[in-house]
Protein chains: 4
Amino acid sequence: MEQISLETLNAADRKTFMQAVGEVMELTPWVAEETFAKRPFASIAALYQTMTDAVRNAPPERRRELIDGHPDLAGKAAREGNLTADSAAEQAAAGLDKLSEQEFADFHRLNDSYRKKFAMPFIICVRRHGKQSILREFERRLKNDAAAEQRTALNEIFRIAALRLDQRVTAPDRLKVHGHLSTHVLDVHAGHPAQGVAIELREIAGSGARVIKRGETNADGRTDAPLFSGMPIPIATYELRFAVADYFAKARTPMADPPFLDIVPVRFAVAEPEGRYHVPLLVTPWSYSTYRGS
Amino acid sequence: MEQISLETLNAADRKTFMQAVGEVMELTPWVAEETFAKRPFASIAALYQTMTDAVRNAPPERRRELIDGHPDLAGKAAREGNLTADSAAEQAAAGLDKLSEQEFADFHRLNDSYRKKFAMPFIICVRRHGKQSILREFERRLKNDAAAEQRTALNEIFRIAALRLDQRVTAPDRLKVHGHLSTHVLDVHAGHPAQGVAIELREIAGSGARVIKRGETNADGRTDAPLFSGMPIPIATYELRFAVADYFAKARTPMADPPFLDIVPVRFAVAEPEGRYHVPLLVTPWSYSTYRGS
Amino acid sequence: MEQISLETLNAADRKTFMQAVGEVMELTPWVAEETFAKRPFASIAALYQTMTDAVRNAPPERRRELIDGHPDLAGKAAREGNLTADSAAEQAAAGLDKLSEQEFADFHRLNDSYRKKFAMPFIICVRRHGKQSILREFERRLKNDAAAEQRTALNEIFRIAALRLDQRVTAPDRLKVHGHLSTHVLDVHAGHPAQGVAIELREIAGSGARVIKRGETNADGRTDAPLFSGMPIPIATYELRFAVADYFAKARTPMADPPFLDIVPVRFAVAEPEGRYHVPLLVTPWSYSTYRGS
Amino acid sequence: MEQISLETLNAADRKTFMQAVGEVMELTPWVAEETFAKRPFASIAALYQTMTDAVRNAPPERRRELIDGHPDLAGKAAREGNLTADSAAEQAAAGLDKLSEQEFADFHRLNDSYRKKFAMPFIICVRRHGKQSILREFERRLKNDAAAEQRTALNEIFRIAALRLDQRVTAPDRLKVHGHLSTHVLDVHAGHPAQGVAIELREIAGSGARVIKRGETNADGRTDAPLFSGMPIPIATYELRFAVADYFAKARTPMADPPFLDIVPVRFAVAEPEGRYHVPLLVTPWSYSTYRGS
């Protein structure tokens, strides 16, 4: 997606403005139009505030319209290719375009139950969740009452809008929509950072796993880039795998044969998509520690 | 298998003696017969020494006969049910009776290469190895010269004999054929042993895994019985899985939602089947350590 | 002190009985006399119960007499050598016979305040406390009301009696008056217990320290005997000092010069004199962990 | 000391230049004079290289003069106040102006032995050493031969010069004369950095200790400024003391009474004055770990 600077946006004509941010709120251009009238914006936070205020202050029926404009997750519109570009990309990022038969049936059943109970689509900012977390939220929110779900739906819409805005508009400030996941391997056998440890990050779902990232530690024992940054970390279970036997073999560290530790798996869950997660490994050929660091 | 005490064995007639230990060395009753003549034995170690000395001091062709009497691993005899009871049980314990097509082909190929190079069967004490370790030893030993392999084959036959003897004869002393694997969970959040942690021990082979044992920690943070004892621990990769989120939830310890740590997997390999392995977990909802303890 | 078995005691005449346990309750032989009449005792726990019941069921004035029979801590009687042998030994074990001028003045002041407020001596089972803990208890209990202090004084007298009984009488069962302090050093650089680590246990009081025990780890990484056992561990701050650089030097483990870790001090407090404290050290030349284990 | 920028120095006249760096090499202005002729310098590294090259390329007798111009450590000149300002400050920083009788005698004896053997003063860059390390180096270097000591003396003079230059001249680049010592406290009971932990850094010498720095951890669990930076860390034994019981009490974390851990002492030695030392503490009320991090 092409990005536009806040400065340019502040000076833009209506058409350019609408092209840039008209789809931040799903299928409701009036939000952007009202916002256009309030230029300029001192910060992306102010722009975001203005857009969400427009929704908050709109008559109930317009808010309802906004909610109803959202598609089902893994629903008919998705199957038939009738999603907005944003929704399609968001659902795909969460893997909702590649469901198993069973998962598809689960979503179908939950969509139905939800619509039956609340007469509106189930809205969730899918970029903040792994597939299992979406299903869990579905089950959980089905127990709410209608008023609570209206509030939750709007809140999720605002989260979606924040992420869409963050992708479209650059500004000196940033919306607080980014998580951070990093690691660090310390060789406490030799007393220095472990360089050259192969690392794999997997998302775990049930008994399955999906490799998200592969990398290797540098001279400081870290990966050159964080494992996650610049986006929310989906709520999910992850496994970091550290190839420590290969590392110690290269360093000619005495080990058993086969080595006591080879691939060290560290399994943890992310609960705050905008949080800072540092998950280091302190390791010898015979021991290791890990923790949520900062 | 019915056990007999060393005392009884010392006083037994030839027939009883041969029934008890005649099959300790595969298909070579003469070893037991020679041993019968040297009764009584002060210890099971002395009995074992006498049997292995009989082999060591036998003419080369008899040693060769002993070697040749062993069946192929996962070979024709096994497929057709023509193994001795001991060999059948030993191969089954290592899972050689349940191979995939690919594994079966691997064993076939390796048996062939080995026989071609050494003109004898590949002999290994399978109770000391997981399937992958057997294949690894196969590949490794194929690189030896004939003299080294003769020595290795005899050494493995003596290991097999020691285990068979250990299962048949009780005595005040014991042969050193037993490994020990235990764990211990310490809740360093609350400062006491973690009681009621569900534990699973798996053997890992490639991307697959086989549950070997399930248990729960007692008031001392240990399992009531060791995870392995009274037999060798097969050389293999294992994974201990600790259900720590369930434990902390029962203890009403504050956690994230979902918990940062839920199932903690600790993966390690055993290299000494007769070794002592203690693999504890020191854990809070946000950190853990593990190590090879004693 | 000469010990007597419960069996012998059950069969003893009055004189022997009184010699053995007549001084278990300070200066009140009537407690033992009443107890004599209730022989035999199935266990030391039953004997102890009978003695404490005699006090509980005595008329208030006799209980008061028992309380008043106790000497001040570090008081006039102590200075003049007028303590019973038990009291003298107990006060000496806590170091109350070797006070600094300042400490002496503190005790004098606190004894005075306590007597002024409660019209009785301050009674505490000194074998369960270090000097600083006694002073802390003094300050704390001065805030109680008279009824609470009467109860506390009796409770402390019973603790003193239990310890005196435990030292005098052997029986198949034991009173629960013993603590346990042990350590364990694991070399997680090499993956085995650390043998030959010199260990020192100190009691820390303010900026001073007193060496209580010295030892060395054996092949299992433990001291041959526990650091404390068979008695209460006085409530106090302790420091375990592990000479790890000497150990790693003997093992020819590469280290910095001077070594990053040399003497590793582990400082902790005991709060439960009858508790089980295991304080291990997991160490490499560059890292260590410690924890309250079990 | 007033600092001058490299830019200004490059443009300065001879008098200003000599004022600024004339005393970088002890009592040998010719080094700076030769250097003056080679202006301008692209970097402080180039300036330093030029000065040390001047010494390297000087005739032996001038190098000898430079060596002989250095005062004894804690010697007669020091006692009588006859040191250059630089030497006085350097010796004071290492505490050589406040020696005990015993230490003074030790230095006297070592100075004598050294002069007797090598006919020159013992030269060491004292800012890189604690008192004990200086004495240790003294003993060690007394065993060298004369040629080795000449080389060592020059090397130490260059180290002294580098530090003097670093203090006098600012430039875009920096000489590699700075060490870094930092800490980090992580509350692995609660899963976040420990804010508000009082920290004390002590230098340990024999049974004595000297407080070097006090501080408190901030919201990130670190001290606002590193414990050491912008100078070498003297080779010495240090103790970091963390007041963890006060921290956990403020956080209302359940603890024993008295707390199992109160002041946690972490004792370590620095061997590389220009190294990077990160010494974190991972702590619960019942456990802690520390290590040399990065």
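The values are calculated or read from the model by the stated rules, or taken from the named source; none is laboratory data. Given the structure is predicted, the values throughout are model-derived calculations rather than measurements. Cβ: placed from backbone, ideal geometry, glycine included. Neighbour counts: every protein chain shown. All accessible areas refer to the heavy atoms of the entire protein, side chains included, with ligands and DNA or RNA removed. Shrake-Rupley method; radii C 1.70, N 1.55, O 1.52, S 1.80 Å.
The lone criterion from (1) surrounded by 14 or more Cβ atoms within 10 Å (Cβ to Cβ); (2) assigned to a loop (DSSP other than H, G, I, E, B) left unmet by D:Asn82 is number (1).
Which of the following residues is closer than 29 Å to A:Gly221 by Cα and modelled with pLDDT of 95 or more: A:Gly179, A:Gly130?
Numbers: A:Gly130 fails: modelled with pLDDT of 95 or more.
Going through A:Gly179, A:Gly130 in turn, just one is closer than 29 Å to A:Gly221 by Cα and modelled with pLDDT of 95 or more: A:Gly179.
B:Arg115 satisfies every condition listed in (1) more than 27 Å from A:Asp257 (Cβ to Cβ); (2) open to solvent by 60 Å² or more (accessible area, probe 1.4 Å); (3) more than 21 Å from the chain's Cα centre (by Cα) except (1).
Results for (1) among the aromatic types (Phe, Trp, Tyr); (2) within 20 Å of D:Ile160 (Cβ to Cβ); (3) out of contact with any helix residue (DSSP H, G or I) (no Cβ under 6 Å at 6 or more places or on another chain), shown as yes or no for each residue.
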site: D:Glu65; (1), (2), (3): no, yes, yes
site: D:Asp68; (1), (2), (3): no, yes, yes
site: D:Leu83; (1), (2), (3): no, yes, no
site: D:Ala89; (1), (2), (3): no, yes, yes
site: D:Glu101; (1), (2), (3): no, no, yes
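The C-beta contact set for segment D:235-261 (first residue within 11 Å of chain C (Cβ to nearest Cβ), second residue of a type in the set (Val, Ile, Thr) and part of a helix (DSSP H, G or I), distance under 6 angstrom, 6+ apart or interchain) comprises D:Leu261/D:Val244.
Within segment A:182-217, the set of residues being surrounded by fewer than 15 Cβ atoms within 10 Å (Cβ to Cβ) and either within 14 Å of another protein chain (Cβ to nearest Cβ) or over 27 Å from the mean Cα position of the chain (by Cα) (or both) comprises A:Gly206, A:Ser207, A:Gly208, A:Arg210, A:Val211. Being buried (at least 16 other Cβ atoms within 10 Å of the Cβ), touching a Ser or Thr at 6+ places or on another chain (Cβ under 6 Å), of a type outside the set (Phe, Trp, Tyr) and more than 10 Å from every other protein chain (Cβ to nearest Cβ) is true of B:Leu281. C:Ala20 passes every criterion in (1) touching a helix residue (DSSP H, G or I) at 6+ places or on another chain (Cβ under 8 Å); (2) small (Gly, Ala, Ser); (3) surrounded by fewer than 16 Cβ atoms within 10 Å (Cβ to Cβ) apart from (3).
The single condition among (1) closer than 29 Å to A:Gly275 by Cβ; (2) within 11 Å of another protein chain (Cβ to nearest Cβ); (3) surrounded by 22 or more Cβ atoms within 10 Å (Cβ to Cβ) that D:Arg276 does not satisfy is (3).
Suppose we filter B:Ala92, B:Ala74, B:Ala46, B:Ala105 for residues that are under 21 Å from B:Ile157 (Cα atoms), surrounded by fewer than 20 Cβ atoms within 10 Å (Cβ to Cβ) and modelled with pLDDT under 95; which single one remains? Walk me through how you get there before you give the answer.
Working: B:Ala74 fails: surrounded by fewer than 20 Cβ atoms within 10 Å (Cβ to Cβ); B:Ala46 fails: modelled with pLDDT under 95; B:Ala105 fails: under 21 Å from B:Ile157 (Cα atoms).
Result: B:Ala92 is the single residue among B:Ala92, B:Ala74, B:Ala46, B:Ala105 that is under 21 Å from B:Ile157 (Cα atoms), surrounded by fewer than 20 Cβ atoms within 10 Å (Cβ to Cβ) and modelled with pLDDT under 95.
Residues in segment B:57-71 that are closer than 20 Å to B:Arg159 by Cβ, charged (D, E, K, R) and surrounded by fewer than 18 Cβ atoms within 10 Å (Cβ to Cβ): how many? Break it down into steps so the answer makes sense when it comes.
First pass over segment B:57-71, keeping only residues closer than 20 Å to B:Arg159 by Cβ: B:57-58, B:62-71.
Applying the additional criterion that residues be charged (D, E, K, R) yields B:62-65, B:68.
Then keep just the ones that are surrounded by fewer than 18 Cβ atoms within 10 Å (Cβ to Cβ); that gives B:62, B:64-65, B:68.
Looking only at that region, the number is 4.
Just so you know, in segment A:262-272 the residues that are open to solvent by 10 Å² or more (accessible area, probe 1.4 Å) and at the interface with another protein chain (Cβ under 7 Å from one of its Cβ atoms) include one that is farthest from A:Ile204 (Cα to Cα), and it is A:Asp262. Among the residues of segment D:127-140, those identified as buried (at least 23 other Cβ atoms within 10 Å of the Cβ) and part of a helix (DSSP H, G or I) are D:Arg128, D:Lys131, D:Ser133, D:Ile134.
From B:Arg109, B:Arg136, which residue is over 22 Å from the mean Cα position of the chain (by Cα) and of a type in the set (D, E, K, R)? Spell out the reasoning first.
Values: B:Arg136 fails: over 22 Å from the mean Cα position of the chain (by Cα).
Only one candidate passes the filter, namely B:Arg109.
Which ones in segment D:229-259 are closer than 30 Å to D:Val177 by Cα and of a type in the set (Ser, Thr, Tyr)?
As a first pass, look at segment D:229-259 and keep what is closer than 30 Å to D:Val177 by Cα: D:229-242.
Listed by number, the residues that qualify are D:Ser229, D:Thr237, D:Tyr238.
Going by the conditions given, is D:Gly230 closer than 21 Å to D:Arg276 by Cβ, among the small types (Gly, Ala, Ser) and within 14 Å of chain B (Cβ to nearest Cβ)?
Values: closer than 21 Å to D:Arg276 by Cβ: yes; among the small types (Gly, Ala, Ser): yes; within 14 Å of chain B (Cβ to nearest Cβ): no.
Criteria not met by D:Gly230.
Only one entry of A:Leu47, A:Leu66, A:Leu27 meets the criterion of being in contact (Cβ under 8 Å) with a residue 40 or more places away in the chain and at positive phi, and that entry is A:Leu27.
Sub-7 Å Cβ pairs linking a first residue in segment C:146-172 that is under 19 Å from C:Glu7 (Cβ atoms) to a second residue that is open to solvent by less than 20 Å² (accessible area, probe 1.4 Å) and not in a helix (DSSP H, G or I), at least 6 apart or interchain, are C:Leu165/C:Val24; C:Leu165/C:Leu175; C:Asp166/C:Leu175; C:Asp166/C:Val177, ordered by first then second residue.
If the condition is being away from chain C (no Cβ under 14 Å) and at pLDDT 95 or above, then segment A:284-294 contributes only A:Arg292.
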